[in-house]
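Take a look at the structure below.
The values are calculated or read from the model by the stated rules, or taken from the named source; none is laboratory data. A quick note: this is a predicted structure, and the numbers were derived from the prediction, not measured. Virtual Cβ from ideal backbone geometry, glycine too; neighbours counted across all protein chains shown.
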Amino acid sequence: MSLVLVVLAVALALGWARGGSLDRLGSLPLRSRRLVVGSLLAQLAGTVVGGPFYPLGLALSAGLVVWFLVRNRGIRGTGLVACGLLTNALVVGANGAMPVSLDATARAGVGSQDLLTGQDARHETADDATRLRWLGDVVPVPLPLRPEVVSPGDVLVAAGLGQLVTLGMLGAGTTAAVLQRQGRPRRALPPLPAAGPSRTRPRPPALPPRRAAPPTGGS
């Protein structure tokens, strides 16, 4: 979460620095927004109930978000977010929880007491029996205030959100297919400049033919 917040802050700063605005970001043509609400409810239910329902809720939540992103695939950045969520759901579904590398936690400066004692039901220690270990939380993020360990999927999600925010603020967050679906015409190319006057000199008018001199008489 800390990585996502840092990336979003940098994306907003870049958007402002390049003349972007939040109004343009808010006008992105997002479709099927109820899928996001359903995703949040599914993840919340899985977290509250716990046990085997947590990976099920997470998988359902990821599926709804991915479907939302597919519906809005013309928005730049949604592809990276969808890939990140899919990889996270894949590794959690394969192991029942998100595997965490103890070596990565040590390099990031994150405490692993809850992980070792099993108090964190959403995470587990990665070992030789872990499936798809490289997709788990193996990337250390030693931020000054809130260090953390994230997965490659989290990195993709952060990158996609950063791209979406920056390009959305600049008015370049949609592809040509989305503009055509909305009936917006493309910007016409500027006309070519008119040809300048010819540099060749005009030919002078032809001179009339000379009259022949009359013959002179003999003496």
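Just so you know, in the range 96-154 the residues that are assigned to a helix (DSSP H, G or I) and touching a residue at least 60 places away in the same chain (Cβ under 8 Å) include one that is surrounded by the most Cβ atoms within 10 Å (Cβ to Cβ), and it is GLY153.
Scanning the range 90-110 for residues that are among the β-branched types (Val, Ile, Thr) and touching a His at 6+ places or on another chain (Cβ under 6 Å) turns up just one, VAL100.
The residues on offer are ALA176, ALA106, and the sole one that is modelled with pLDDT under 95, among the small types (Gly, Ala, Ser) and over 30 Å from LEU30 (Cα atoms) is ALA106.
Looking for whichever is hydroxyl-bearing (Ser, Thr, Tyr) and modelled with pLDDT of 90 or more here; the options are SER21, SER61, SER32. Which one fits? Lay out the reasoning, then the answer.
On the way: SER61 fails: modelled with pLDDT of 90 or more; SER32 fails: modelled with pLDDT of 90 or more.
Just one listed residue meets the conditions, SER21.
Condition first: of a type in the set (S, T, N, Q) and in a helix (DSSP H, G or I). Can you find one or more residues in the range 33-40 that meet it? Among the residues of the range 33-40, at least one is of a type in the set (S, T, N, Q) and in a helix (DSSP H, G or I), which makes the answer yes.
Examine the range 186-200 for a residue that is under 24 Å from the mean Cα position of the chain (by Cα), at pLDDT below 95 and either under 28 Å from LEU60 (Cα atoms) or assigned to a loop (DSSP other than H, G, I, E, B) (or both), and state whether such a residue exists.
So far as the range 186-200 goes, yes, one or more of its residues are under 24 Å from the mean Cα position of the chain (by Cα), at pLDDT below 95 and either under 28 Å from LEU60 (Cα atoms) or assigned to a loop (DSSP other than H, G, I, E, B) (or both).
Inclusion of LEU44 among residues that are crowded, with 21+ Cβ neighbours inside 10 Å and either among the hydrophobic types (A, V, I, L, M, F, W, C) or in a helix (DSSP H, G or I) (or both) is not warranted. Return yes when GLY15 is modelled with pLDDT of 90 or more and part of a loop (DSSP other than H, G, I, E, B) and no when it is not. The answer is no for GLY15.
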